[in-house]
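Some notes on the structure that comes next.
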Amino acid sequence: MRLALVVSVLLLLVSILLMLLATIIFRFVRTKLEARSATYEAELRTMLVRFLSEDLSLSELRVLKKIHSSQFDEISEAMLTKVKGRAKDILVSFLYSRGAIDQAITRTRKFGYLGRCKAAMFLGNVGIPEARVPLESMLRDRRRDVRTIAVRCLGQLGKPESVPALLSAVDDDEHPVPFGTVLVALMRIGSSGKELMKAGLNSGGGQRRAAIAEILGMEGSTEDTPDLISLLENDPSFEVKVRSARALGRIGSPKAIPSLNKYLDSGQPTALRIVCCGALAAIGDRETVPEIISLLSDGNDQLARAAANAASQMGPTGIKYLNLAATSNSKGASFAKEALARLAAQAPRISQD
Amino acid sequence: MTTILVADDDPDILELVNYKLSQSGYAVIAVPDGKLALEQAREHHPDLMILDVAMPFHSGIDVTLDIRKDPDLKNTPIILLTAKSMEQDTERGFAAGATDYMTKPFSPRELLSRVQAVLGRTV
């Protein structure tokens, strides 16, 4: 019995010692490998820099052993986001010659979603036209994060041809993508995609038209005012109407005033009335101040407060009317006082020093 | 020989800029952070400094402010190199006393042209 106990304790001690030894050996080997990898990385980075500076030819790079060449590819991929111009062209040609671009295109259809994400980011960073079609296919990927990355990368690629696919993506209920990410992508594509974007006004769902209205407002071109007025007045979607009103305010064309005024009416939804009020203030035509001030007496306090704030942003005329409202006995006096107080608090402090 | 001090915490960019400038005949001092940049600038009095804005310990803007306060170094031209392309960052850089500004991703050739232009005006 006692012997069995001694043997068990000894076995336990031996196993602990063996485990400790194995840990030490593992750590030692790992440190050595990391140190070697770091040394190689530094050498490979120098080679890449020489290659990008055209001091090293492609044939000279072929001497790399297989294990080093994959590390070299990783460093090259990391460099993609850091350089532009001739250096980037050299890098992209090199990655082409290594087959890295074709491999990434194949990886966009692979099972592992992390691999698909990496492939999309790589294609976005490479920035070649051939990346567009595989990235557009990824907008229907089964994973939302992959679709989101694809949207971002299409924006990074900046090809106007991607506009229809991006607009379809915002309407796709089966494969939803974040609305804001699509807006950023469309903004990055910029005015070169505008015609294709405006063509989307006559087809598809409300989310698509909402996105178009938002982008037109952000671009701020007065030539888009009629399209936005038409969306505000005729579109069946409430969201499209709200976004169009806000876009009209951003553009600032006085041509939008009659339409915006129409939607201040009490029969309209409060959110739309508030946005139209803000849009009128953004356009800043002093003729519209009395109309906005009249909203201070509206039964809806939220709208009355928004109207007071809007008037406070309309220069001396707005302030004059607010002062009149503040000294009156009307219901809106408190909102006018509140807006004037906020304005006073925002005024810059002037010191004698 | 014209000496250029380069500071960037990204080893890829540090090496690329270092190589490109050395290849063009400049003596380069390459450092990975702002504190070292300041120390090396005080020791070697470079003819030009290229600084990354977002660096550990001391940002490129902090270094620029310190250089402009130093009587021995205050006239050293400084090019800021940064990933931030926002207008306010450019303004902040120039307000701190930067001579020129480049955003990442950058073209090594363009950087070299800017270096030559800045040195042509000052050296």
At a 1.4 Å probe, which residues in segment A:82-96 are at least 30 Å² less accessible with all protein chains present than in their chain isolated?
A:Lys82, A:Val83, A:Lys84, A:Arg86
Degrees separating the helix A:333-346 axis from the principal Cα axis of chain A, which is the longest one
50 degrees
Under 1.5 on a/c is rounded, so check that first for segment A:12-161, then, if it is not, pick prolate when a/b is larger than b/c and oblate when it is not; a ≥ b ≥ c are the square roots of the alpha carbon gyration tensor eigenvalues.
oblate
Note on segment B:5-25: residues buried by at least 10 Å² of accessible area once partner chains are added (vs chain on its own, 1.4 Å probe) come out as B:Asp10, B:Pro11, B:Asp12, B:Ile13, B:Glu15, B:Leu16, B:Tyr19, B:Lys20, B:Gln23
In nm, the gap between the two label points placed 7 Å beyond Cα toward Cβ at B:Leu119 and A:Lys337 is 6.9 nm
CD proxy at 222 nm, helix term only [per DSSP H run n ≥ 4: -39500 (n - 2.57); per residue of the protein assembly as shown; nearest 500]:
-20500 deg cm²/dmol
Hey, rough spin-label estimate for A:Ser70 and B:Ser24, points 7 angstrom out along Cα→Cβ, what's it come to in nanometres?
3.8 nm
Per residue, how much accessible area does chain B show when a 1.4 Å probe rolls over the protein heavy atoms, in square angstrom?
45 Å²
1.4 Å probe accessible area per residue over segment A:114-171, in Å²:
38 Å²
Mean accessible area per residue over segment A:33-89 (1.4 angstrom probe, all protein chains present, square angstrom) is 56 Å²
Exposure ranking of B:Asp72, A:Asp265 by accessible area [1.4 Å probe, largest first]
B:Asp72, A:Asp265
To the nearest 20 debye, what charge dipole does the protein assembly as shown have about its Cα centre, counting +1 at the Cβ of each Lys and Arg and -1 at the Cβ of each Asp and Glu?
1080 debye
Solvent-accessible area buried by pairing B with A, both sides, nearest 100 square angstrom, 1.4 angstrom probe:
1500 Å²
Accessible area (Å², 1.4 Å probe, nearest 10) - A:Val126
10 Å²
Taking a crude spin-label model, label points 7 Å out from Cα along the C-beta direction, the A:Ala347 to A:Ala22 distance in nm is 7.8 nm
Charges on Cβ only, +1 for Lys and Arg, -1 for Asp and Glu, centred on the Cα centroid of chain A; of A:Ile128, A:Thr81, A:Thr327, which one is farthest towards the dipole's positive end?
A:Thr81
Apply the a/c threshold of 1.5 to the C-alpha gyration tensor of chain B and tell me whether it is rounded, prolate or oblate.
rounded
Considering only A:Gly217, A:Pro178, A:Leu201, whose Cα is most displaced toward the positive end of the charge dipole of segment A:156-219, charges sitting on Cβ of Lys, Arg (+1) and Asp, Glu (-1)?
A:Gly217
Shape box of segment A:228-353 [Cα atoms, principal axes, largest first, Å]
54, 36, 23
Going Cα to Cα from B:Lys35, which lysines come in below 24 Å? Please leave out same-chain ones fewer than 8 positions away.
A:Lys82, B:Lys20, B:Lys69, B:Lys74, B:Lys84, B:Lys104
Enter the mean number of other protein chain beta carbons within 10 Å of the beta carbon of each residue in A:198-207, as an integer.
0
Under the rule rounded for a/c under 1.5, else prolate if a/b exceeds b/c, else oblate, using alpha carbon gyration tensor axes a ≥ b ≥ c, chain A is classed as prolate
What's the average, rounded to a whole number, of partner chain beta-carbon atoms within 10 Å of each residue's beta-carbon in A:39-51?
2
Accessible area of the protein assembly as shown belonging to carbon and sulfur atoms, whole % at 1.4 Å probe:
55 percent
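The values are calculated or read from the model by the stated rules, or taken from the named source; none is laboratory data. Everything numeric here is computed off the predicted structure, so don't read it as measured data. A quick note on method: Cβ atoms are made from the backbone with ideal geometry, for glycine too, and the neighbour counts reach across all protein chains shown. Areas reflect the complete protein model, heavy atoms only, side chains present, ligands, DNA and RNA absent. Shrake-Rupley method; radii C 1.70, N 1.55, O 1.52, S 1.80 Å.
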